[in-house]
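Undergrad: Pasting a structure below so you can have a look.
The values are calculated or read from the model by the stated rules, or taken from the named source; none is laboratory data. Note that the coordinates shown come from a computational prediction; the quantities given were computed from them, not determined experimentally. All Cβ positions, even for glycine, are placed from backbone atoms using ideal geometry, and neighbour counts span all protein chains on display. Note: accessible area is taken over every heavy atom of the protein model, side chains too, but ligands, DNA and RNA are not part of it. Shrake-Rupley method; radii C 1.70, N 1.55, O 1.52, S 1.80 Å.
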Amino acid sequence: MNAPPDVEYRIAHLKERLAAEETGDLGIRIENRGSSVTVIGTVPTAHSRAALMDTVNEELAGLTVHFDVVVAECAAPDHPEEVI
Amino acid sequence: MIRVAAVGDIHMGPDSQGVLRPAFETLGDCADLLLLAGDLTRHGTPDEARVVAREVAGLPVPVVAVLGNHDHHDERPDEVTAVLREAGVQVLEGEGTVVETGGGRVGVAGTKGFGGGFAGRSGGEFGEPLMKEFIRYTRRCADGLRTALEELAGQECAERVALTHFAPVPDTLAGEPLEIYPFLGSYLLAEAIDAAGAGLAVHGHAHAGTEHGMTSGGVPVRNVAQPVIRKAFNIYHLHGDRSGSGGTSAVGRR
């Protein structure tokens, strides 16, 4: 179980750290869901995903964290949109 | 017909060199130009900008970009711009450019834009100097966009496209927490687009948003943040009949 009330502040500090550090992640959603914290979003590379997870695990040590972080897809589109 | 390829929020760093290049090299077959809707880097360092520059240098189509908030973080936007320009990228801030394509001339007007929120739920020029400056900065961005679109209207463009990083409408933010909408865009950008007219508005910034939206004046808006489109870029075919004057299908556009 997470120990409120400091979890919310730890998440806020984590978000500030993520924005400033190597990965520069502002688009990651980190939410306190009672018994766990969820980390959801898209990152540019597998390297940045690993760096993100390391930082989260370090900053939220002792908490249960569920990750749903995917690496951005880099394929060309297979069809255009007709803007009519 | 004009084929516009667009992507934003590619957030490149040293580890992402070459990731997008294979897809970008197909652009000659499927697009007439590539728009980059800001947040091309992670912290706005010249080193990161050089990664972007190498990724887009020598592509078979012209590349037009605006910077995003990440590209400003290191407080060296002029250096980032210079690095990109050296690679042949047209970087716009409150200005426009015309691209000649096989389907006609395309005018692109660009600004990074800024936040403030959307009509009825927005900040205003009131109170503390910092708050006033927040909104005035957004207004300056919007005014630059409007002026650039108006100037393009006199340059025989088959299409005009508004390129921003911040969102002009809340439609394309759906999926983001409501509480952060004022940090994701401003209605002032949409007001400028509707006043000056455009066939398409493209933005990024909102990673958890959705792709499709529309201004009150009927201009289609597309959020092309890479996490949203889930591709290296998307392609929009414009048919040249949306940015003209009059007509029931172009209400509010001029």
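Undergrad: What whole-number distance in Å separates the alpha-carbon centres of the stretch B:170-212 and the stretch B:24-61?
TA: The stretch B:170-212 and the stretch B:24-61 have Cα centres spaced 22 Å from each other.
Undergrad: Sticking with this structure for a sec: Please list, in order along the stretch A:67-83, the HN-Hα scalar couplings obtained from phi with the Karplus expression 6.51 cos²θ - 1.76 cosθ + 1.60 (θ = phi - 60°), rounded to whole Hz, x for Gly and Pro.
TA: 9, 9, 10, 10, 8, 3, 7, 10, 7, 5, x, 9, 7, x, 9, 7, 8
Undergrad: Tell me the label-point distance for the pair A:ASN32, B:ARG105, using the 7 Å Cα-to-Cβ offset, in nm and rounded to one decimal.
TA: The two pseudo-label positions are separated by 5.8 nm.
Undergrad: As an exercise, find the ratio Rg/Rh for the protein assembly as shown from alpha-carbon atoms, using the Kirkwood inverse-distance average for Rh.
TA: 0.98
Undergrad: Another one. Find, among the GluC sites (Glu not before Pro) in the stretch A:38-84, those assigned to loop by DSSP (not H, G, I, E, B) with at most 15 other beta-carbon atoms within 10 angstrom.
TA: Taking the stretch A:38-84 and a limit of 15 other Cβ atoms within 10 Å, the loop GluC sites (Glu not before Pro) found are A:GLU73.
Undergrad: Counting DSSP beta bridges in the protein assembly as shown, what percent are antiparallel, to the nearest 5?
TA: Just about 35 percent of them are antiparallel.
Undergrad: Any chance you could run the full-extension gain for A:HIS66 through A:GLU21? It's 0.36 nm times the residue separation minus the Cα-Cα distance, nm to one decimal.
TA: Contour length minus the Cα-Cα distance gives 14.1 nm.
Undergrad: Which of the lysines could a cross-linker bridge to B:LYS132, judged by Cα under 26 Å and excluding same-chain residues fewer than eight apart?
TA: Here the lysines satisfying the reach criterion relative to B:LYS132 are B:LYS112.
Undergrad: Report ³J(HN,Hα) in whole Hz for each residue of the stretch B:175-192, in order, from the Karplus equation J = 6.51 cos²θ - 1.76 cosθ + 1.60 where θ = phi - 60°; Gly and Pro get x.
TA: x, 7, x, 3, 4, 9, 3, x, 8, 9, x, 8, 5, 4, 5, 5, 4, 5
Undergrad: Taking just the C-alpha trace of the stretch A:34-84, give me its Rg and Dmax in Å.
TA: Final numbers for Rg and Dmax: 16.0, 53 Å.
Undergrad: Given q = 0.20 Å⁻¹, what are the Debye log10 I(q)/I(0) values for the stretch B:113-181, with equal point scatterers placed on the Cα positions and solvent ignored?
TA: Scattering profile of the stretch B:113-181, log10 relative to I(0): -0.91.
Undergrad: Another question, then. Report, by chain and number, residues whose modeled amide H sits under 5 Å from the one on B:GLU125, excluding near sequence neighbours (fewer than 5 apart, same chain).
TA: Excluding prolines and chain starts, which carry no amide H, there are no hits.
Undergrad: Just to be sure I follow: if Rg is taken over the C-alpha atoms of the stretch A:6-68 and Rh is the Kirkwood radius over the same atoms, what is Rg/Rh?
TA: Reported Rg/Rh (Cα atoms, Kirkwood Rh): 0.92.
Undergrad: I've got another one for you. Kindly work out what percent of the DSSP beta bridges joining two residues of the stretch A:6-68 are antiparallel, to the nearest 5.
TA: Taking every DSSP beta bridge with both residues in the stretch A:6-68, the antiparallel ones total about 50 percent.
Undergrad: I've got another one for you. Could you please report the charge total around B:THR172, scoring K, R as +1 and D, E as -1 over all other residues with beta-carbon less than 12 angstrom from its beta-carbon?
TA: Spelling it out: positives minus negatives among the neighbours equals -2.
Undergrad: Accessible area per residue of the stretch B:32-112 at 1.4 Å probe, in Å²?
TA: 35
Undergrad: Taking only C-alpha pairs under 8 Å that are 6+ residues apart, what is the relative contact order of chain B in percent?
TA: 20
Undergrad: HN-Hα J couplings of the stretch A:14-20 from phi, Karplus 6.51/-1.76/1.60, θ = phi - 60°, integer Hz, Gly and Pro as x?
TA: So the Karplus estimates, Gly and Pro as x, are 4, 5, 5, 5, 4, 5, 7 Hz.
Undergrad: When the accessible area of chain A is split by element with a 1.4 Å probe, what percent falls to carbon and sulfur?
TA: Carbon with sulfur: 54 percent of the solvent-accessible area.
Undergrad: Next question, about the same structure. Over the stretch B:48-189, consider all pairs of different Cα atoms and compute the Kirkwood hydrodynamic radius from their mean reciprocal separation; express it in Å, one decimal.
TA: Hydrodynamic radius (Kirkwood, Cα only) of the stretch B:48-189 equals 16.2 Å.
Undergrad: Okay, next question. If the viscosity is 1.002 mPa s and the temperature 20 °C, what translational diffusion coefficient in µm²/s does Stokes-Einstein give for the stretch B:26-125 when Rh comes from Kirkwood over Cα pairs?
TA: The calculation lands on 148 µm²/s.
Undergrad: Let me ask something else. Quick check: the distance between the Cα centres of the stretch B:62-118 and the stretch A:16-84, to the nearest angstrom?
TA: 26
Undergrad: How big is Rg to Rh over the stretch B:2-245, alpha-carbon atoms, Rh as the Kirkwood inverse-mean-distance radius?
TA: With Rg and the Kirkwood Rh in hand, the quotient comes to 0.94.
Undergrad: Around B:ALA174, which amide H atoms from residues at least 5 apart in sequence, or from another chain, sit under 5 Å from its own amide H, with H modelled in the peptide plane?
TA: For B:ALA174, the qualifying residues are B:THR210.
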